[in-house]
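*Asks:* My questions all concern the structure below.
The values are calculated or read from the model by the stated rules, or taken from the named source; none is laboratory data. Quick caveat, the model's predicted, so the values are computed rather than measured. Every residue, glycine as well, gets a Cβ built from its backbone with ideal geometry; the counts of neighbours run over all protein chains shown. Please note that ligands, DNA and RNA were not included when accessible areas were found on the heavy atoms of the full protein model with its side chains. Shrake-Rupley method; radii C 1.70, N 1.55, O 1.52, S 1.80 Å.
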Amino acid sequence: MRASIVASSVITLAAILTSPVHAEQERAVSYRGYELNVPADWPVIDLAKNPTECVRFDRNAVYLGKPGPDQRCGAGMGPTADAVLIEPVGDQTRVTVTGDRYAAMATRVDEAAEPAKVRTVQPGVYTGLGFDACAAPSQGAMDAWHGGSQFRAIGVYIGGIHRACAQPNLTPGWVGTQVKKGWHLIPTYVGLQAPCTSFRHRIDLNADAARRQGREAASDGIAQASRLGMNPGTVIYNDMEAYNIGDGPCSAAVMSFLSGWTDQLRERGYRSGVYSSAGSGITDLVRNHDNRAYSRPDHVWFAWWNGQANVDGGKFLPADRWLGGRIHQYLGGHDESYNGVTINIDSNFVDLK
């Protein structure tokens, strides 16, 4: 669960943030008029003193301050944990919580009005190199890489219950600027995961419920994409992390969920993409390619870290499937530097017609 609340007055959150079912030792944290009790072993990170600290929602922690524009984040991610981010928003304060521990704060409010958006359809037509990073890089980093690298596509995590990193840079203005500079954006949504994984938030094993969950995820993905200025026609990729395709009920639930995802996107004028490992979700999609019980996505993005910058799917993805709608993540998390700017990325080769 991820929720945020914005307040302008001084309030005490200790009663809200302390759950009676957790009796471990706690310590008090005070920031901008807020007071909260958290487990004593949680790190409390001052982002003003540590501006490159990665605000990750896959570890138990408290972050105080505004996430920096140049966070040093690893490209990988883990299951969402309980975490708290308290940050200034003008003269107000926004509190973001993840996980179930502080579910009492699950109150969402509209963010401040954004400047005029550049309306765009992404990723568009592109063949070449791309990368994805846990947090959208700062404008300075994007410009440095635009001038010094061959990358012209970037995966951006627009939402989902398991999105691992805070996204202080990912605004409509940022999107518009990248589009104007010639970047192709790959909007990625990290929602519910397979029921046979250790992720906290998982797909229902019931096929009908799983389809509904897929539709709900797609609706939220559309809302996030639209907020950023991405119009109908945009492909939104559902990130389905690796799972055991030998588990029949689990596999069927994932296929039902992705069918609901695809159906809802298409009905709203968007296009469906699926990211997964070549040996799990992509293999499942291939073997169900002609199964009329499921809806086939428009694009696939397969993780196969063989170091080959092409869209050859080898034994996992036949050459006649999803032609012109493929992305190959060919290298996992590693550092690359251009014009003095280092980012931890996954490397991709993109072929979108």
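*Asks:* Which residues, taken from segment 259-283, are outside any strand (DSSP E or B) and either open to solvent by 10 Å² or more (accessible area, probe 1.4 Å) or touching a Pro at 6+ places or on another chain (Cβ under 6 Å) (or both)?
*Replies:* The answer is 262, 263, 264, 266, 267, 268, 269, 270, 279, 283.
*Asks:* Checking residue 79 against (1) crowded, with 16+ Cβ neighbours inside 10 Å; (2) farther than 30 Å from residue 277 by Cα; (3) modelled with pLDDT under 80, which single condition isn't satisfied?
*Replies:* All conditions pass for residue 79, except number (2).
*Asks:* Please identify the pairs in which a residue from segment 310-321 that is exposed (fewer than 11 other Cβ atoms within 10 Å of the Cβ) has its Cβ atom under 8 Å from the Cβ atom of a residue that is of a type in the set (Gly, Ala, Ser), counting only partners at least 6 apart or on another chain.
*Replies:* Short answer, once both residue conditions are applied: 319/313.
*Asks:* Which condition from (1) hydrophobic (A, V, I, L, M, F, W, C); (2) under 10 Å from the mean Cα position of the chain (by Cα); (3) farther than 23 Å from residue 51 by Cβ; (4) open to solvent by 10 Å² or more (accessible area, probe 1.4 Å) is the one that residue 158 breaks?
*Replies:* (4)
*Asks:* Hey, does segment 148-159 have a residue that's more than 19 Å from residue 347 (Cα to Cα) and touching a Phe, Trp or Tyr at 6+ places or on another chain (Cβ under 7 Å)?
*Replies:* yes
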